[in-house]
Amino acid sequence: MWRAALVALAVMVGSVAPVLVPAPARASTGVTTRFEPAPTPCRVADTREGRGIRSIDPAVFRVTMTGSCGVPADAAAVSLTVTTTRSTAPGFVTVWPAGTPRPTVSNVNHGTREDRANGAIVALGVEGAVDVYGSVPTDVVLDVTGWFIPTSEPATAGRMVPLTPTRIYDSRSAAGPLPRGGSITLPLPAGVPADATALALNLTTTAPNQPGFFTVHPAGTPRPLASTLNTDRPGQTRAAGSIVPVSPAGVTIYADGGGHVIVDVTGYVTGSSAPSSVDGLFVPVDPFRLVDTRGGDPVWPAGTIEAALPVTGVAAVAANVTMVEAGAWGFVTAYPARTGLPVTSSVNVSAAGETTANLAVIPVSTDGIALTSHATTDALVDVAGWFTGPAAASTLPPGANLRPPVCASGIGAAALTEFFDRGDPYTGVDYQRSIYLPDGRVLWVFQDVFIRSRGREVFVHNAGLLQTGACFQPLHGGTYANPTDWILPELTTRERRWFWPLGGEVGTDGQVNLVVAEMRENGTRYLDRTEPLGTWLATIRTSDLAVTGAAPWAAPGPDLTGWSITSDATWTYLYGQCHRQFGWTMFAFPGPPVYAHDLGCSATVTVARVPRGQLTATPEYWDGARWTTDRTRAVGVMPTLGRLINPSQVVFDGSRFVAVTKEGDWWGTKVLVDVAPAAQGPWRTVAEYTSIPLCAD
């Protein structure tokens, strides 16, 4: 057995090659090529027999391709099936042009002692050879299915014609699974000429009867000693892509262990009757990574991501598509970006946590390629080259990749308490507000949020949740892996200058108008001596909750008008209060004395008003006798009696104004309920509840 050195890669995720920024793509051969299929798949190397290999170092061996299995001396690249077997641990195998630096890509990903097969298109390097690396000890088998010959002229035969990804056979809806040792012959797909020499196809099996393999070969030819797809236990879903030789009668698929067979086609290779053209010639390149989602959002269920190619004049790309640590059984479909989603698959996984790679010839649109996933997964796309020609036209808007909502068991108090205790997606939030939207959804906004993100917690100063029934969609800036503040992240310096959401309502403009406090830290540590600089007004689109703008709103100062917002039939009322936090006044709470809020202002709640839903209008303030635009004349309206009245929220319930106040903020032990017939009072306390303080120092 070939023994590859065990490699410890600190930046590895599972068994996938490490995340690195790829070098710009460059052609390995510098020429365009045409494809010549092997008469039948042919085995060129097998480490189990020590056949066709030459050791380069403990983890790399070299296989000379030219002169073996009919590969001509002038071949620039080869089409292979790469199979791993008897591996000692989860890992991956990379095949690349001999004598060049090993690229940060993988061709086959495998588990312990798994038999895995995948197609590969690889440019030839020195000695007309390829180098093969294994991240862990494993046996490797290479079968040749064809080669690419340089040409600087238009060609008839050997050109790839991309097709709309199409499913041409599915035994689940046809004759049923193939029996053990059975086979089926499929004719050439409709529209493919009789003298076509090869098909770009994806072979998938599901529910195989037992461990075994599948072999695809030209119909009417003897079955070769080669495999296209392998399984190693019952019930697996496996796929393998390849450029397979065909005959005028089509292709034959042999099932060693039996099972269902699904065949998707993405293109064909022309024969001698085709017109002469430069379209469809192949440009092999040093392999490079085009897509790696592990640094941001994964592809969410039913989500779509896109990638543009670094070159133009491309009709299809030859690439390895990898699902990395998938969240569940499922598949990914690769297809031309912004075109209809085909009923095909490009790579499949059998279970959660699995990592699988598959070769795909992906037709390209003017916007590149798209990946749509059935289940949550990270995705890699490693490019081996492309086929020349015009790209397909983009006909649809870009797809979306939305993180799915997280759902509670209900909307009652106990269910919501359990949901927030669960800590998904947020492990901690402060100062929540809830804003009812016209369609019945609820927008929650929070100050100082810890977001659960790829196994860690990330702190941001503001974030939201969109509640639809019992389900919640997280709202923040940045990506899933690197979340940022939702509102004004570009002006935020973490823990020095930031923005806290206050009250909000849907305005007459149909958008959520959210008042935001601009905060500054004057102390040496966060929340040592914090004060507001003023307020901003953020606008949030109700359809998708995108933040569409933010601008300074009220005059600077400690009176945060808009701390709490509610409306009656005529007016929108904005309650304000000082929010100088900590380090301002010594205050004897239960437990040891601490420096706390500025008691000179934090026990005073003022009220202003604007015409209903018009938060951009000039506010009028209650001065104790009348409404005035002179902000300096605003007076306290709540019955504070020396309380630290922070936080306090006010709601108009249709007949009266109700204020709910947690007295003493973190350290308080009371929740007070006050009611009033008018926004400015008079207020009276109607209920008092005992609350357990969360912090004592």
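For Ser564, the conditions (1) open to solvent by 10 Å² or more (accessible area, probe 1.4 Å); (2) touching a strand residue (DSSP E or B) at 6+ places or on another chain (Cβ under 6 Å); (3) at pLDDT below 95 all hold with the exception of (1). Of all residues assigned to the stretch 615-628, none qualifies as being modelled with pLDDT under 80 and open to solvent by 20 Å² or more (accessible area, probe 1.4 Å). Of the residues making up the stretch 122-132, those that are open to solvent by 10 Å² or more (accessible area, probe 1.4 Å), outside any loop (DSSP other than H, G, I, E, B) and not charged (D, E, K, R) number 2. Listed by first and then second residue, the pairs linking a residue in the stretch 56-67 that is over 14 Å from Ser79 (Cα atoms) and of a type in the set (A, V, I, L, M, F, W, C) to a residue that is in a loop (DSSP other than H, G, I, E, B) and open to solvent by 30 Å² or more (accessible area, probe 1.4 Å), with Cβ atoms under 7 Å apart and 6 or more places separating them unless they lie on different chains, are Ala59/Ala5; Ala59/Val7; Phe61/Ile53.
In this entry, Thr231 is excluded by the filter for residues that are over 26 Å from Ala75 (Cβ atoms), in contact (Cβ under 8 Å) with a residue 60 or more places away in the chain and open to solvent by 70 Å² or more (accessible area, probe 1.4 Å). Taken as a whole, the structure places Gly271 among residues that are assigned to a loop (DSSP other than H, G, I, E, B), open to solvent by less than 10 Å² (accessible area, probe 1.4 Å) and touching a Pro at 6+ places or on another chain (Cβ under 8 Å). It is to be established whether one or more residues within the stretch 442-453 are in contact with a Lys or Arg (Cβ under 9 Å, 6 or more places away or on another chain) and not in a strand (DSSP E or B). Among the residues of the stretch 442-453, not one is in contact with a Lys or Arg (Cβ under 9 Å, 6 or more places away or on another chain) and not in a strand (DSSP E or B), which makes the answer no. Restricting to the stretch 454-475, name every residue that is among the polar types (S, T, N, Q) and surrounded by fewer than 17 Cβ atoms within 10 Å (Cβ to Cβ). Of everything in the stretch 454-475, just one residue is among the polar types (S, T, N, Q) and surrounded by fewer than 17 Cβ atoms within 10 Å (Cβ to Cβ), namely Thr468. Inside the stretch 286-302, residues that are open to solvent by 30 Å² or more (accessible area, probe 1.4 Å), closer than 9 Å to Asp378 by Cα and modelled with pLDDT of 95 or more make up a count of 1.
Among the residues of the stretch 66-92, the ones that are open to solvent by 50 Å² or more (accessible area, probe 1.4 Å) and within 13 Å of Thr145 (Cβ to Cβ) come to 1 in all. The residue that is most open to solvent (accessible area, probe 1.4 Å), among those in the stretch 178-227 that are of a type outside the set (Gly, Ala, Ser) and modelled with pLDDT under 90, is Leu225.
The set of residues from the stretch 95-113 being surrounded by 24 or more Cβ atoms within 10 Å (Cβ to Cβ) and either of a type in the set (Gly, Ala, Ser) or within 25 Å of the chain's Cα centre (by Cα) (or both) comprises Val105, Ser106, Asn107, Val108, Asn109, His110.
Inspect the stretch 582-602 for any residue being out of contact with any Leu (no Cβ under 7 Å at 6 or more places or on another chain), modelled with pLDDT of 80 or more and not small (Gly, Ala, Ser) and give the result as yes or no. Checked against the condition, which is being out of contact with any Leu (no Cβ under 7 Å at 6 or more places or on another chain), modelled with pLDDT of 80 or more and not small (Gly, Ala, Ser), the stretch 582-602 yields no hits at all. Scan the stretch 386-396 and tell me whether some residue there is farther than 27 Å from Trp500 by Cβ, outside any loop (DSSP other than H, G, I, E, B) and out of contact with any Ser or Thr (no Cβ under 8 Å at 6 or more places or on another chain). Yes. The residues on offer are Glu531, Glu495, and the sole one that is open to solvent by 10 Å² or more (accessible area, probe 1.4 Å) and assigned to a loop (DSSP other than H, G, I, E, B) is Glu495.
For every residue, the table says whether it meets (1) in contact (Cβ under 8 Å) with a residue 60 or more places away in the chain; (2) among the polar types (S, T, N, Q); (3) part of a strand (DSSP E or B).
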site: Leu527; (1), (2), (3): no, no, no
site: Leu537; (1), (2), (3): yes, no, yes
site: Thr548; (1), (2), (3): no, yes, yes
site: Ala569; (1), (2), (3): no, no, no
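Residues of the stretch 343-353 include none that is open to solvent by 10 Å² or more (accessible area, probe 1.4 Å) and under 14 Å from the mean Cα position of the chain (by Cα). Taking the stated definitions as given, is Thr372 touching a strand residue (DSSP E or B) at 6+ places or on another chain (Cβ under 7 Å), open to solvent by 10 Å² or more (accessible area, probe 1.4 Å) and hydroxyl-bearing (Ser, Thr, Tyr)? Answer is yes for this residue. Among the residues of the stretch 605-633, those that are polar (S, T, N, Q) and either in a loop (DSSP other than H, G, I, E, B) or under 44 Å from the mean Cα position of the chain (by Cα) (or both) comprise Gln614, Thr616, Thr618, Thr629.
The values are calculated or read from the model by the stated rules, or taken from the named source; none is laboratory data. Keep in mind that this is a model prediction, so the values were computed, not measured. In this analysis, Cβ positions are derived from the backbone assuming ideal geometry, glycine residues included, and neighbour counts consider all displayed protein chains. To get the accessible areas, we keep the full protein, side chains included, count just its heavy atoms, and leave off ligands, DNA and RNA. Shrake-Rupley method; radii C 1.70, N 1.55, O 1.52, S 1.80 Å.
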